[in-house]
Each structure stands twice: as structure tokens, then as C-alpha cells.
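The values are calculated or read from the model by the stated rules, or taken from the named source; none is laboratory data. All figures in this text were calculated on a predicted structure; none of them were measured in a lab. Counting neighbours? That spans all protein chains shown, and the Cβs are built from the backbone with ideal geometry, glycine included. The area values use the complete protein model at the heavy-atom level, side chains included, leaving out ligands, DNA and RNA. Shrake-Rupley method; radii C 1.70, N 1.55, O 1.52, S 1.80 Å.
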Amino acid sequence: EGLPQSSRISRIVFRYSDGRTLTFVPEAGREDFSEDDMHELVKVLEKASSIAEWSEVGNISGPGG
């Protein structure tokens, strides 16, 4: 289809430092993620990253806190 065989992604695995994993797979009946799927995943990861960064900022106590 659109991407060369070497560029196709059939699963994405996140490995956490505590040993847990999170695996994303394409929708049922599809072998690979589409380019649109990848763009949407990037948006989700960017938003999650931003939320995590602001969460860390909110957990820093100031003077007397």
C-alpha cells in the first residue's frame, strides 16, 4: 500500500522500568498500523507527555509547602 514493507509497523510495545509492558496492535483484521494511525498515536503520546510534565510541576512544594 502506501508505506514500503520495511516501514510498516505491526505492534508498538512500551516497556516500563518496573517490568510492565503495554502493547498496541492494529485494529482487528489489519496487519499493520496505517500512517494516519501513527499520526494519531503521536498526538496521544504528546498530550500524555505534556500532562505528565505538568503533573510533576504541580507536585513540587514551594516554601512552607
(message) Anything in the stretch 1-28 that is open to solvent by less than 70 Å² (accessible area, probe 1.4 Å), part of a loop (DSSP other than H, G, I, E, B) and at pLDDT 85 or above? List them, or say none.
(response) Ile9, Ser10, Gly19, Pro26
(message) What pairs come out if I take residues in the stretch 18-36 that are of a type outside the set (Ser, Thr, Tyr) and pair them with residues that are open to solvent by 90 Å² or more (accessible area, probe 1.4 Å) whose C-beta lies under 7 Å away, six or more apart or interchain?
(response) Phe24/Arg11; Val25/Arg11
(request) Taking only the stretch 29-65 into account, find how many residues are part of a loop (DSSP other than H, G, I, E, B), open to solvent by 100 Å² or more (accessible area, probe 1.4 Å) and modelled with pLDDT under 85. (result) 3
